[in-house]
Amino acid sequence: MARYTLLGINSKELITQFLLLFLLFTWFQMSFISMNGLLDILSKSYTERVGVYAAYYLSYAIVSIGYSILSAKRVKTYNPNLWIFFAIMSSLILFLFTLTGHKLYSFLYVLFAGIALGLGSPYCLSYFADHTEIENRGRIGGVIFLLISLILPLLSFIYESFSLGIFSIFSVIWMVGGFLLLLLLKPAKVDVVQRNISFTYILANKQFYLYFVAWFIFSFVDNFEVSILRPFVQEVFGEAFKVFMLNLSTIIMAFSIIIVGFLIDLYGRKRALIYGFTALGIAYACIGIDPYNIIFWYFYFLINGVALGFFAVIFVFTIWGDISPKGMREKYYAVGSFPFFFMVFVRELLAPYVVAIPVSTAFSFASFFLFLAVIPLMYAPETLPEKEIRRRELRKYVEKAKKIREKYEKAEY
């Protein structure tokens, strides 16, 4: 039987990877939207908001680490799609809350939703890495994430168009449909080929912690600045300008996602990250110098959109798969994806305090730390094999030489 390929891998396998990541990120978006809707019903007090976010993200963190430990031992009774069951159950519990208003259901919802994310994120991301080769992981991750990012705004639109109760039922149908498709696709398994790897070993790995430090700094700065940046832009330049620039930045990010996937497979991950951090640091420095200059804000949103696309593809999909051994990647992704999912909680926790910081100081602070994040990247080893970079450069040189020769032969003829 013929095996059709796309982007260098079997088409069925690519569809399976896409579906797993699609379900994971759409679930994350739906649970985040639902949690905000839940808080609108319960209360808008700081204490209650922090409590709900704490229950969600702490359950995610604990379960994510626990699952990665169990997966390393390959507990045979564990079903990888158990996370979908918790996602479905949490949405059903949320529907019960909309019917009864009982606060117990609200607690159970955030608890089950956090467990679903904790089980799903290391499994889906490690599955993606296990079934892609290092030389095409960036472009495949970029294409998949671009397709996912086009769907995410639709979920917000559906929520705004209907009630929280209807949205929770929609979430159930969404996840059940995804689960049935996974049953048809039957995701392949990867046998463990190496010994169990401890978290201590991972965190002591020079290649891992140098990239992780840079990723952690960016995640903290990005979430820290949101509480200051958006209210300031709205107050100074108006709601319409803020919405326009956020939409523009999102569009730019979508284009950069697809471009960066191909670039990092050609030239490596490290170089793209250094350029991204440097450019974003300059953008923050500009708005720090003169936060009332609208030209600087156009420049900032342009660079921010490009940088977000770069960092999402490299840090969420690519780099931890490059570093980790095949079949033993859950712990790497559990730790590596931690800033992406967890920093939203830190943002909510610090929200009342960061607004007291002068905007110029806050943006200069962000610029300083982004430049600081370049230092560990300077010492981090490139994760794309040097021979692969040289092979592609040589291929490009040969193709260029052929074109020059053909052009010369035609001219001579």
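Results, tabulated for the structure shown:
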{"read-out": "Residue ranges of helices (runs of 4 or more DSSP H) in region 302-413 with at least 1 members of a type in the set (D, E, K, R), at pLDDT below 90 and touching a Leu at 6+ places or on another chain (Cβ under 6 Å)", "value": "386-412"}
{"read-out": "From the options 112, 128, 95, residue that is aromatic (Phe, Trp, Tyr), over 29 Å from residue 320 (Cβ atoms) and part of a helix (DSSP H, G or I)", "value": "95"}
{"read-out": "Residue that is in the same structural domain as residue 352 (by TED's automatic domain parsing), at positive phi and of a type outside the set (S, T, N, Q), where the choices are 261, 281, 288, 268", "value": "268"}
{"read-out": "From 151, 158, 140, residue being without any contact (Cβ under 8 Å) to a residue 24 or more places away in the chain and either out of contact with any helix residue (DSSP H, G or I) (no Cβ under 6 Å at 6 or more places or on another chain) or part of a helix (DSSP H, G or I) (or both)", "value": "158"}
{"read-out": "In region 177-205, residue modelled with the highest pLDDT [restricted to those that are of a type in the set (Val, Ile, Thr) and surrounded by 14 or more Cβ atoms within 10 Å (Cβ to Cβ)]", "value": "202"}
{"read-out": "Any chance residue 238 is modelled with pLDDT of 90 or more and either farther than 26 Å from residue 146 by Cβ or not assigned by TED's automatic domain parsing to the domain that holds residue 206 (or both)", "value": "yes"}
{"read-out": "Qualifying residue in region 161-171 (condition: aromatic (Phe, Trp, Tyr), buried (at least 21 other Cβ atoms within 10 Å of the Cβ) and either in the same structural domain as residue 28 (by TED's automatic domain parsing) or in a helix (DSSP H, G or I) (or both))", "value": "yes"}
{"read-out": "Single match in 128, 97 (criterion: hydrophobic (A, V, I, L, M, F, W, C) and closer than 20 Å to residue 176 by Cβ)", "value": "97"}
{"read-out": "Selection status of residue 73, modelled with pLDDT under 85 and either under 19 Å from residue 327 (Cα atoms) or within 22 Å of the chain's Cα centre (by Cα) (or both)", "value": "yes"}
{"read-out": "Single unsatisfied condition, residue 39 versus (1) touching a Lys or Arg at 6+ places or on another chain (Cβ under 7 Å); (2) surrounded by fewer than 16 Cβ atoms within 10 Å (Cβ to Cβ)", "value": "(2)"}
{"read-out": "Tally of residues being outside any helix (DSSP H, G or I) and crowded, with 22+ Cβ neighbours inside 10 Å across region 255-301", "value": "0"}
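Residue-by-condition table, conditions (1) buried (at least 20 other Cβ atoms within 10 Å of the Cβ); (2) in contact with a Pro (Cβ under 6 Å, 6 or more places away or on another chain); (3) part of a loop (DSSP other than H, G, I, E, B):
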| site | (1), (2), (3) |
| --- | --- |
| 207 | no, yes, no |
| 213 | no, yes, no |
| 216 | no, yes, no |
| 219 | yes, yes, no |
| 228 | yes, no, no |
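The values are calculated or read from the model by the stated rules, or taken from the named source; none is laboratory data. On a predicted model such as this, the values are computed, not experimentally measured, just so you know. Glycine also receives a Cβ, built like all others from the backbone with ideal geometry; neighbour counts cover every protein chain displayed.
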